[in-house]
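Taking it in order: structure first as structure tokens, then the write-up.
The values are calculated or read from the model by the stated rules, or taken from the named source; none is laboratory data. Predicted, not measured: the structure shown is a model, and the values here were computed from it. For neighbour counting, all protein chains shown are included, and Cβ atoms are generated from backbone atoms with ideal geometry for every residue, glycine included. Heavy atoms of the whole protein, side chains included, go into the accessibility calculation; ligands, DNA and RNA do not. Shrake-Rupley method; radii C 1.70, N 1.55, O 1.52, S 1.80 Å.
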Amino acid sequence: MRTTASYDLFPDAPSERAMARARWLAREGRTADAESAYMSLLSSHPDLKVCWAEYFELLRASGRSAAALELAERARAQFGETGFALTLQGAALVELGRYPDALAALERAVEADPDLALDRAFALEPHTETLKLRGRVLRDAGRYQAAEVAFEGAAQAAEHPEQRADAEREIAATRRYAFYAPRKPDDLGPGERWFADTGAVVLAPDAGPVPPGDETLVATFAEVAEDSGWRFGQVIAVDPDLPVWSDLAERLGAPLAGPDAFDPATIPLVVAETADVADRTWTKLADAVQAEGAGLVFVLEHPAESGAGGAAGPDVIGVLTDDGQRRMRAPNPAHALSEAQHPGARLAGRRLSRPS
């Protein structure tokens, strides 16, 4: 791990004496005098990175976050868009609570110098938000194991149940992203990122010449179900008039029924054209599948701009849509099968085979 000690810290003896004086003043609690000493040294030795770093830490430790950000901007003017300068900027933004801006700065810093960046940026008292930020930066850099450790720290530092639950969701997402290692998140396709972020499997993730039709998506689902060993006792259609559900029920060898016939003991497959969270019937059925730990929820399409939908979200999606239009995608049943078998998938731990 590289630290500031790996740089040429003291180009001459006078600068070493000046640094020693500034450090002594800081240790003695003479903050204003220490600040003046650091400023004077930077005037004569503007390339001395350790001076920039220690002056920055002095400002940050004394709670002067705005001044620390101003110093970070001066460092960017001196060193350019380097990992060192961007890290100081990101760390100052963390202190100011400007987390989206901090994340953007630290992501650029990681690209330039991943080792130096996080050591410097997170040399502060750990708390939930900064640990989560660290986890996101590490995850975006493809350092999944380290990211998981950061998110676990965030969960342990959580002061409220909501914070813990959010950190645990980040842990689960990081483990799904690690499924695609050594690729980084930015290297993944939209369907892969959807699975990593939500745990829901997308049947048609690959670029294709046309949007997939209902029949194609139903046939792909049936293939994945067969290869996965799923055995449903009933197909519960939220919109039973859609003709394709009869085809699906026949392929699966299960009776087609309406919402009133829902029975978790039979291992039901709840299906709909799309997830309508405003539809009480839909949310009731999807919530029941999750609560009972039995069965699965499948929709033909799902808007890419929305999230997974929480407990009432789908487990398997045929294809993502943009503004109501299906993307031009081709099914990849083998890829869907591998994601469905991942321990972090939404359907993991469900009973998916009816008794013989």
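Observations on the model:
- Overall form of the stretch 238-356 per C-alpha gyration tensor (a/c, 1.5; a/b vs b/c): rounded
- Using R0 = 22 Å, the C-beta based FRET efficiency linking Ala112 and Ala77 works out to 0.85.
- With each label modelled as a point 7 angstrom along the Cα→C-beta vector, the Arg183-Arg27 pair spans 5.2 nm.
- Heavy-atom accessible area, probed at 1.4 angstrom with all protein chains present, ranks Arg108, Arg23 as Arg108, Arg23, highest first.
- The residues Thr130, Thr31, Thr198, sorted by heavy-atom accessible surface at 1.4 Å with ligands and nucleic acids left out, run Thr31, Thr198, Thr130 from largest to smallest.
- If R0 is 51 Å, the Cβ-Cβ spacing of Glu215 and Glu159 corresponds to a FRET efficiency of close to 0.50.
- In this structure Lys184 has an accessible area near 90 Å², from a 1.4 Å probe over the protein heavy atoms.
- Taken one residue at a time, the phi angles of the stretch 192-197 give Karplus couplings (6.51, -1.76, 1.60, θ = phi - 60°) of 5, 5, 4, 5, 4, 6 Hz. Gly and Pro are set to x.
- Shown are Val277, Val94, whose ranking by accessible area with a 1.4 Å probe and every protein chain present, most to least, is Val277, Val94.
- Per residue, the chain exposes 46 Å² of solvent-accessible protein surface, assessed with a 1.4 angstrom probe and all protein chains in place.
- Put a plus charge on the Cβ of each Lys and Arg, a minus charge on the Cβ of each Asp and Glu, and nothing anywhere else: the dipole of the stretch 187-227 about its Cα centre is then about 160 debye.
- Computed from Cα atoms, the angle from the helix 280-292 axis to the main principal axis of the chain rounds to 80 degrees.
- Rounded percent of accessible protein surface that carbon and sulfur make up, the chain, 1.4 Å probe: 49
- Under Karplus coefficients 6.51, -1.76 and 1.60, residue-wise ³J(HN,Hα) of the stretch 340-355 in Hz, glycine/proline x: 4, 8, 5, x, x, 5, 4, 8, 4, x, 7, 7, 10, 9, 5, x
- Taking the longest Cα principal axis of the chain as reference, the axis of helix 13-27 is set at about 70 degrees.
- By a 1.4 Å probe calculation restricted to protein chains, Leu103 has an accessible surface near 40 Å², given to the nearest 10.
- Gyration tensor verdict on the stretch 26-84 (Cα atoms; rounded if a/c is under 1.5, prolate if a/b is larger than b/c, oblate otherwise): oblate
- Looking at the chain, the DSSP beta bridges with both ends there are about 15 percent antiparallel.
- Around Ala26: net Lys/Arg minus Asp/Glu count, Cβ-Cβ under 14 Å: +1
- Three-way shape call for the stretch 255-322 based on the alpha-carbon gyration tensor, with the a/c threshold at 1.5: prolate
- With R₀ fixed at 30 Å, the C-beta to C-beta distance from Thr281 to Glu168 puts the FRET efficiency at about 0.50.
- Computed from Cα positions, the angle between helix 161-178 and the longest principal axis of the chain comes to roughly 80 degrees.
- When the Cα positions of Ala181, Tyr38, Gly313 are compared along the charge dipole of the chain, Tyr38 comes out farthest toward the positive end, with charges on each C-beta of Lys, Arg, Asp and Glu.
- Residues in the stretch 261-269 carry Karplus couplings, in order, of 8, 4, 9, x, 5, 8, 6, x, 10 Hz; the curve used is 6.51 cos²θ - 1.76 cosθ + 1.60 with θ = phi - 60°, and Gly or Pro positions show x.
- Put a plus charge on the Cβ of each Lys and Arg, a minus charge on the Cβ of each Asp and Glu, and nothing anywhere else: the dipole of the chain about its Cα centre is then about 1100 debye.
- Farthest toward positive dipole pole in the chain [+1 Lys/Arg, -1 Asp/Glu at C-beta], among Ala207, Val94, Val50: Val50
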